[in-house]
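Just dropping this structure here.
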Amino acid sequence: MSTRTVQLVGSDEEIIAVARAAPEAIAADRGLSNRLLPAVMRLSRERRDFVSGPRDAIPVPRRSDLGTGSHDRVWGTVLTFALLAVVTAASMFLPPVRGVVVDIEIALPLVIVATPIAAVLLVVVGLLARRASPYPAYVGMVMTVIVAVVLALLIGYRMIVGTASRGVPFTQEQLGLWFVAGGILLVELVALAVIFARRRGSATSPARGADARADRSRDDQALRKEAVRLAAFRPDAADAAALSSRWNAALSAADVSDETRAQGRRLGPVPWLVWAHFDGEIDVADRR
């Protein structure tokens with residue numbers, strides 16, 4: 001079925017004036033009126049909803065969302081070093097792995113160096129990640145959450161066993177200081193995961209955007225097909241003369257331009273009524 005629409009000639013007021021005269025002419029054929037008018041009112045409501053719907057609701061992916069740019073590579077690199085620093089510091093508090101214990105002379109300097117580096121780099125990543133693209137942000141969020149969970153488990157483990165761990169023999173004072181530092185790192189990791197989660201949800205993927213545009217296109221085509229179908233309605237042969245007479249009289253009495261009147265006679269009351277309501281930007285029913 002064709003979906004070609006008809007552009008009515010005249011101002012909004014002229015189009016509405018002629019459209020209001022159409023139902024009176026169509027009433028000459030009671031059967032046509034009963035079938036057509038409810039369908040036209042329904043089409044009018046659906047078309048107005050479609051036209052007035054926010055076009056911004058159709059997500060159009062920004063260029064930066066379609067791939068990993070240089071900015072994403074920068075914060076991704078900083079995040080990698082930050083998480084490595086967190087893991088390096090936290091691993092010194094593990095229980096013995098296969099009986100291997102790191103000497104306190106090695107473990108303590110590693111913790112002292114890696115912990116502040118991790119704290120600073122996590123802050124830097126948090127600042128950079130506010131412009132992260134959605135998919136890289138998702139990857140960063142997953143990595144950050146994994147490290148945060150591992151760190152929380154190690155803090156909990158050391159809080160339970162304290163200096164009784166068979167791992168690196170830290171003193172109670174050293175453990176206390178690291179609990180504070182580890183807590184700060186944990187808070188930073190959680191905050192960073194939240195930033196990533198917000199960036200991930202701040203844009204719609206290209207696939208979803210394409211689906212939304214396709215849905216809107218299908219809605220438009222369906223409305224156009226319905227308008228074409230309704231505009232093709234014709235009166236019964238027995239009532240055609242009376243309907244035509246009423247329509248010509250209404251057009252002659254209407255305060256409209258000659259171009260509008262001529263198009264009205266050419267189209268007839270049914271197509272005019274349908275296409276006036278299909279416009280979607282003028283409300284035939286509410287204009288007074």
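Per-residue answers, yes or no, for (1) loosely packed, with under 12 Cβ neighbours inside 10 Å; (2) among the hydrophobic types (A, V, I, L, M, F, W, C); (3) within 19 Å of the chain's Cα centre (by Cα); (4) at pLDDT below 55:
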{"site": "Gly31", "(1), (2), (3), (4)": "yes, no, no, no"}
{"site": "Val40", "(1), (2), (3), (4)": "no, yes, no, no"}
{"site": "Ser44", "(1), (2), (3), (4)": "no, no, no, no"}
{"site": "Arg55", "(1), (2), (3), (4)": "yes, no, yes, yes"}
{"site": "Pro61", "(1), (2), (3), (4)": "no, no, yes, yes"}
{"site": "Leu66", "(1), (2), (3), (4)": "no, yes, yes, yes"}
{"site": "Ser70", "(1), (2), (3), (4)": "yes, no, no, no"}
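Take the conditions closer than 17 Å to Val194 by Cβ and in contact with a helix residue (DSSP H, G or I) (Cβ under 9 Å, 6 or more places away or on another chain) and apply them to Pro134. Does it pass? Can you show your working first?
Numbers: closer than 17 Å to Val194 by Cβ: yes; in contact with a helix residue (DSSP H, G or I) (Cβ under 9 Å, 6 or more places away or on another chain): yes.
Considered against the rule, which asks whether it is closer than 17 Å to Val194 by Cβ and in contact with a helix residue (DSSP H, G or I) (Cβ under 9 Å, 6 or more places away or on another chain), Pro134 comes out as yes.
For (1) farther than 21 Å from Gly182 by Cβ; (2) surrounded by fewer than 20 Cβ atoms within 10 Å (Cβ to Cβ); (3) of a type outside the set (Asp, Glu), each residue gets a yes or a no:
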{"site": "Ala132", "(1), (2), (3)": "yes, no, yes"}
{"site": "Thr144", "(1), (2), (3)": "no, no, yes"}
{"site": "Val150", "(1), (2), (3)": "no, yes, yes"}
{"site": "Val161", "(1), (2), (3)": "no, yes, yes"}
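Among the residues of the stretch 140-171, which ones are free of Cβ contacts under 8 Å to residues at least 60 places away in the same chain and under 25 Å from Asp72 (Cβ atoms)?
If the condition is that a residue be free of Cβ contacts under 8 Å to residues at least 60 places away in the same chain and under 25 Å from Asp72 (Cβ atoms), then Met141, Val142, Val145, Ile146, Ala148, Val149 are the ones that fit.
Identify the single condition in (1) within 30 Å of Asp72 (Cβ to Cβ); (2) modelled with pLDDT of 90 or more that Ala132 does not satisfy, given that it satisfies every other one.
(2) is the only condition that Ala132 fails.
Given the options Tyr135, Tyr157, name the one that is hydroxyl-bearing (Ser, Thr, Tyr), part of a helix (DSSP H, G or I) and closer than 16 Å to Ser91 by Cα.
Values: Tyr135 fails: closer than 16 Å to Ser91 by Cα.
Criteria check complete, one pass: Tyr157.
So, Pro109, is that one surrounded by fewer than 16 Cβ atoms within 10 Å (Cβ to Cβ) and under 13 Å from Leu83 (Cα atoms) or not?
Working: surrounded by fewer than 16 Cβ atoms within 10 Å (Cβ to Cβ): yes; under 13 Å from Leu83 (Cα atoms): no.
Criteria not met by Pro109.
Among the numbered conditions (1) part of a helix (DSSP H, G or I); (2) over 16 Å from Ile184 (Cα atoms), tell me where Val102 comes up short.
Only one criterion is unmet by Val102, namely (1).
Additional query: Is one or more of the residues making up the stretch 115-126 surrounded by 14 or more Cβ atoms within 10 Å (Cβ to Cβ) and farther than 28 Å from Gly76 by Cβ?
Looking through the stretch 115-126, none of the residues is surrounded by 14 or more Cβ atoms within 10 Å (Cβ to Cβ) and farther than 28 Å from Gly76 by Cβ.
From the set of residues in the stretch 164-204 that are among the hydrophobic types (A, V, I, L, M, F, W, C) and not in a helix (DSSP H, G or I), which is modelled with the highest pLDDT? Show your work before the answer.
The first filter runs over the stretch 164-204 and keeps only residues among the hydrophobic types (A, V, I, L, M, F, W, C), leaving 164, 168, 170, 175, 177-181, 184-187, 189-197, 203.
Retained after the next criterion (residues that are not in a helix (DSSP H, G or I)): 168, 170, 203.
Numbers: Val168: 68, Phe170: 77, Ala203: 50.
Only one residue tops the list, namely Phe170.
The values are calculated or read from the model by the stated rules, or taken from the named source; none is laboratory data. Given the structure is predicted, the values throughout are model-derived calculations rather than measurements. Cβ coordinates were reconstructed from backbone atoms using ideal geometry, including for glycine residues, and neighbour counts include every protein chain displayed.
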